[in-house]
Structures are given as C-alpha cells and as structure tokens.
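Below: one structure, written as structure tokens.
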Amino acid sequence: MRSSWSLFLMLCLMISVQAQEDERPFKDVNQDDLGLVNDEFQELFFEALKQKGIENYEKAIVALRKASEISEDNAVLYFELGKNYRELQQFPAAIENFQKATALEPKREAILVSLFETYASIQDFDNAISTVEKLIGFDTDYKEDLANLYLLNEDYENALQLIDQLDQDLGANSYRNSLRRQIYARTNNTDAQIENLRQSIAANPEQEKNYLNLIYMYSEQGEDEEAYKVANELLESNPGSSLAHLALYKFQLEKHEPEAAVASMEIVFESEEIDAESKFKVLNDFLIYVQENTEFEDRLVAVAEKLTQTENAPGLYEKLGQFYLQKADRENALRYFKLGIKKNAANFELIRNTLLLQVELQKFKEVRSLSSQALENFPSQPVLYLFQGVALNKLEKFEQAESILKDGLDYLVDDRRLEADFYAQLSLSYSGMNNAGLANEYRAKAEKLLKEIN
C-alpha cells in the first residue's frame, strides 16, 4: 500500500470540485439548493456555513443538527455535515452523512467526489472504487482515478487493463506511464512483462503503446541499449511517430549524436499528441545539453518560443529565463521572466526574481510598476513594499517612498535583515527630504541590526 503522504498527494489531484465548493460556500449554496424550507432552517444552515468558514466545525455541526430536526430530507444539509465531520477527521460520521446525501441526490457529482476521497483517505479502496465507478458516468476522466485505486488496492491486472484501454482511447501520458511502471516494479515480473510486450508488438506492429511500454521496461532495468533498439524499431514500423522521438532523443544525447537528438526534440515539441509535461521534461534536458554545446542555443530558443505559443505552460518562460541567468545574460533572462509573469501573475517567486533583476539592471520605473501590480495579489508581502520603496527613492519620489516603506514594515515579522534594508531605504528617503535627523536615526538602526546579524 502507498504511504498516507503519497495517498494525500493522489487525492490532491482529484478534488478540485470539492475545493471549489469549500472556497465559495455562500455562493454555491442558495435557496434553490435547499429546496422548500422555512426561515429558521435557512438561518441555522447559513450559520453553519459561517462557522465552517472560520473553522469552527463543531459549532457548524451543532447548527446543522438543529436544522435536521426541522427538515430531515435535505441532501445539502447532510453534504455539509459530512464535510464538517471530515474536517474533524471523524471519517465514519462523514461517510454516513455523505451516504445520506447521495441517497437523496444520487446524481450530484460533488457529493460522490467527497464520499470517494473520504473512503480513499481511510484506505477503504473497495468502497472508493465502487464510488468512482459511479463518477465515471459524469466524466470519463475519473477512469484515471479508478486505475490509481486499482493500483492502491493491489489489483494490478485490472489496473493494467484500464491503463491500456485509456492509452488506446486517449494516447499515452506520463501519469499513466508512471502507474504502469509502479505496477511492474511491485509485481517484480519483468521477464514475463517483456515477453508479453514482445508478443504484442509482433501481433500488432503498428500499436505504438506496446513499443513505449517495452522501452520503459528496458530503461527501468538499466538496459539502455535494448531500449534504444526498441525505439528505433518503433520508428521503422511507424515512420511518422512523434512518440518514437520522445524515446530516442535521450539515447541520442547519450550517444553524442547531437544533430539527431535536436531533430528528435523539435519533432516532440511540434507534436500534438505529446502532453505538455513530457515536452517540458525534454526542454529541460535540452537546456542542460546546450549549456555545454552552445552552438545549438539558437535552435533551443527557436523551438522553445514556438512551444510557448502552442502549450499553456508558463513555466517554460521561467526555465528559459533561468537558462539565460546562468549564462549571465540578464537582459534575456529578464525578457523571459516578464513573459512568464504575463502568463502567470500569481507566481510570487518569479515576480521576486524579476524585481531583483530589474533593480540590478537599474530599471526602476519597471520595478515600481511591477511591485505595484504584485501588491494587488500579495498585499501582505513586505519585500514587495521594499522593492517599491527602492524604486521610488531612485526616482526621487522620497515622500511616496517613505509612505510605502512604513506600510511594509507593518507586515514584517522576524526578518532582521529585511528590517535593516527597510531602515536603510527610509534613511535615504529622509535624506532626500532634507531631514537629516531622521535620516541619521534610521541609518543607525540599520547599522545596529546588521552588526547584530553579523
């Protein structure tokens, strides 16, 4: 069985519906959800939502129990009871209430999701499986969750059959390949699996997934030469296969065949049947290779820029930025960091790195603009106030700098080095305002803190 931590990670991938409901309790529950109920019921129900919102789960349960005395046949009520019991890790009570809710509204997807994840959290995989089988009627994407549950329940035969079916219907992806490799590792029957795959290839040489599975098998066993041969067999039997190149490029790099490797990578990047995650991994290998083989840098940039246009993967820009940063090409690093922020304005670490580069390149108007925008999303991050204060001081907007720096100090907690930076910038602000007394006072504060730190 998986560890509880691995199980938790698995659950995080499949509870977005529930997370959305919990984040918006008042918006997602209204009069229509509750049905025909009186004012007292509504008051108790929405009091329960309020208490859950501030994590007073016991009080929420009390209010919902009182509401159940008024109206027993209300699925939303039992759904909320289940969620509160689950927050308290009272899983039997949570399951009981989810079951009551499902009995009243058997076609409500969110309730079944909550029931499924609760079964999974206590490793009751049989019931989790039966619940996911019902969810497949809502969305066939739940079949991947079912395959994972078969694996967790050590039902490897059904897991492999379902993974193969999904690969045939949807094409291979890295997640299912990972499941398959886990099954092979757990069964320790690699010889039989290899022979079975060889037979499948002989019977149906046009079926790409069998080649890919065999490549993974050989790779896992450290038989890279055999894996390389199978990749070439795939290309011979399917000359237009982009998946063959997904396997080949790594071997070509290891064999010091850079032209062939780069050509394979370009085919992978242009393929519509290869998922973004796999392409991202290829790009990362390409970046590492180009650091030692700079003659391919132009081709790297060309295919990467093309990839960012076809895949919704803002992390690609950040990767390119880091690549140029390692080469001390700060202007190009900054260029890609800024493109990454345009795609994902909620990436705080990327924003911070971009601001550092802008300060280093003395682009203080850009620092002021970006830090101002970032504060709208991260109003309690003191370092953003510091960046803005630095920019305003450099732009000789000293009074504005003083104001923003003092605002930032209110959010500072137990970071003496950052506090010293704030004091140093305030000293500059007061110097700019010709207030020598306060300038000296804050300079002394900064120096004192730095001495204590060092």
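Take GLU277 and tell me if it is within 16 Å of LYS319 (Cβ to Cβ) and in contact (Cβ under 8 Å) with a residue 60 or more places away in the chain. Answer is yes for this residue.
Within the range 215-225, is there a residue that is touching a residue at least 24 places away in the same chain (Cβ under 8 Å) and among the hydroxyl-bearing types (Ser, Thr, Tyr)? So far as the range 215-225 goes, yes, one or more of its residues are touching a residue at least 24 places away in the same chain (Cβ under 8 Å) and among the hydroxyl-bearing types (Ser, Thr, Tyr). Looking only at the range 388-425, residues that are more than 21 Å from ARG352 (Cβ to Cβ) and not charged (D, E, K, R) come to 3 in all. I'd like the full set of residues that are surrounded by fewer than 20 Cβ atoms within 10 Å (Cβ to Cβ) and over 18 Å from GLU58 (Cβ atoms), limited to the range 76-104. Result: GLN99, ALA103, LEU104.
Taken together, the criteria exclude SER271 from residues that are closer than 30 Å to LEU170 by Cβ, in contact (Cβ under 8 Å) with a residue 40 or more places away in the chain, within 26 Å of the chain's Cα centre (by Cα) and surrounded by 15 or more Cβ atoms within 10 Å (Cβ to Cβ).
Table: residues versus (1) buried (at least 22 other Cβ atoms within 10 Å of the Cβ); (2) modelled with pLDDT of 95 or more; (3) within 32 Å of the chain's Cα centre (by Cα); (4) not β-branched (Val, Ile, Thr).
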residue	(1), (2), (3), (4)
ASN377	no, no, yes, yes
SER380	no, no, yes, yes
LEU386	yes, yes, yes, yes
LEU409	no, no, yes, yes
ASP415	no, no, yes, yes
ALA420	no, no, no, yes
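The values are calculated or read from the model by the stated rules, or taken from the named source; none is laboratory data. Not measured: the values here are computed from a predicted model. Positions of Cβ are generated from backbone atoms using ideal geometry, with glycine treated the same way; all protein chains shown enter the neighbour counts.
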